1. Would you kindly find the accessible area of Ile30, with a 1.4 Å probe and non-protein molecules such as ligands, DNA and RNA excluded, rounding to the nearest 10 Å²?
2. Given the options Ala87, Val42, Leu364, identify the residue whose Cα lies farthest towards the positive end of the charge dipole of the chain (+1 on Cβ of Lys, Arg; -1 on Cβ of Asp, Glu).
3. Give me the lysines in straight-line cross-link reach of Lys313: C-alpha distance below 20 Å, same-chain residues under 8 apart excluded.
4. Helix check for the chain. Which DSSP H runs span at least 18 Å along their own axis by Cα, with a mean Kyte-Doolittle hydropathy no less than -1.0?
5. Within 10 Å of each candidate Cβ there may be at most 15 other Cβ atoms; applying that plus a DSSP loop requirement, which trypsin sites (Lys or Arg not before Pro) in segment 142-225 survive?
6. So, taking all protein chains as they sit and a 1.4 Å probe, how much accessible area belongs to Tyr120, in Å² rounded to tens?
7. Taking amide hydrogens as modeled 1.01 Å from N in the peptide plane, which residues meet the under 5 Å criterion relative to Asn173, leaving out close sequence neighbours?
8. Take the Cα atoms of segment 160-286, build their convex hull, and give its volume per residue in Å³.
Amino acid sequence: MEKRIFLKKGKEDSLRRFHPWIFSGAIHHIEGELQEGDIVKVYTFDNEFIAIGHWQIGSIAVRVLSFRDVDIDDDFWTSRLTTAYEARKAIGVACNPQNNTYRLVHGEGDNLPGLVVDIYGQTAVMQAHSVGMHVHRNEIAAALKLVLGDSLSNIYYKSETTLPFKASLGQENGFLLGNSTENVAIENGLKFHIDWLKGQKTGFFVDQRDNRSLLEHYAKGRNVLNMFCYTGGFSVYAMRGGANIVHSVDSSSKAVDLVNANIELNFPGDNRHEAFAADAFKYLDEMGGEYDLIILDPPAFAKHKDALKHALKGYTKINQKAFEKIRKGGILFTFSCSQAVNKDQFRMAVFTAAAIARRKVRILHQLHQPADHPINIYHPEGEYLKGLVLYVE
Ligand code: SAH
């Protein structure tokens, strides 16, 4: 029997505006035995079809796959992935000999809520954030291979940390195609080791590509501090940009090894770079005034709305420390990747930090996530990365 959800009266309004989530509180009743990850059709109170999507237990009960009454079959996955791939070619990140590192699927931004696919050369790293995408992982992998053809030899599935429950979902990490351990990918002509087996996210922060490029243009002759460096993306670009020295800092000693390996891969024997395992707050307290280009790209301080106040304090504190120490005429690249913190709140936190440090500060650039992390216009929640480039007098 077809599985159906009927909404409470009037609860279809957000769906008429193509918002892709249905909250559990909007549901009037369910027909049929629903299992997590099932495809379900959604009807208004007055029995009108309105959407089809993946069912899941939790506050977001349905993630909409289509607002038309279509079959969710192999053709559906192939068609959605083809559209995503065409968009990446149009942006210029795919089929580009200088760049084989990009996000192919960005969840709601690509009308595939719950799915993330990053491409690293011949390897796709696929991540499910919903049970439905997990249930469909093999169909999606087959469609990926079909769409990318010979340019794809491996698909690594990495959902251990992103799936909501651990209960009997089957294998959450492992290869669905191929098994290559060759893991060097190219971003804007620079090489990076990508640790998709053990690294954070899908192994690399693909979303900072454009911002790293901008940094490269400011690096010449400067003393650079890349705080929260992880794999050292910003450090490698700063080196190519002609920085005087580049210091990379991360609290994880594994990250320090990664950044050192990536610097060695691109600039063997170049002694302008040094990496340190240290806590950011402590390092900023103890350092002197040697830097005139500082990058602050911390992990999400607020993972949920409840943590907002605490997170804003964190952003103010870390930025204040940078403002206090950065040289006159210095440039600060400062970011927040917390979805719960919006652009204005972040800007206010940085403004407060500048005022406490009593520095004259100009905004040079306002940064955001790149075009391969698109925002579905009907799903403003998809906007998460924001940054400011500041000139500090
Ligand atoms: N800028 C990076 C991504 C940063 S991810 C890039 O472009 O790829 C955030 C990093 O902050 C992680 O590597 C994490 O280990 C590090 N981190 C978290 N808390 C920290 C702290 N208190 N001090 C220093 N590093 C920290």
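The values are calculated or read from the model by the stated rules, or taken from the named source; none is laboratory data. Please read these numbers as outputs of a predicted model, since none were measured by experiment. Glycine gets a Cβ as well: all are built from the backbone with ideal geometry, and neighbour counts include every protein chain shown. Please note that ligands, DNA and RNA were not included when accessible areas were found on the heavy atoms of the full protein model with its side chains. Shrake-Rupley method; radii C 1.70, N 1.55, O 1.52, S 1.80 Å.
1. 70 Å²
2. Projecting each Cα onto the dipole axis, the largest value belongs to Leu364.
3. Result set, ordered by chain and number: Lys282, Lys303, Lys305, Lys321, Lys325, Lys343, Lys386.
4. Values: long enough: 74-91 (26 Å, -0.67); 253-266 (20 Å, 0.14); 308-325 (26 Å, -0.95); 343-357 (21 Å, 0.61).
TM-like helix candidates: 74-91, 253-266, 308-325, 343-357.
5. Details: sites: Lys145, Lys158, Lys166, Lys191, Lys198, Lys201, Arg209, Arg212, Lys220, Arg222; in loops: Lys166, Lys198, Lys201, Lys220, Arg222.
In loop regions of segment 142-225 (DSSP not H, G, I, E or B), the sparsely surrounded trypsin sites (Lys or Arg not before Pro) are Lys166, Lys198, Lys220.
6. Accessible surface of Tyr120 is approximately 10 Å².
7. Ser159
8. On the way: hull volume 16.4 nm³, N = 127.
In segment 160-286, the Cα convex hull volume per residue is 129 Å³.
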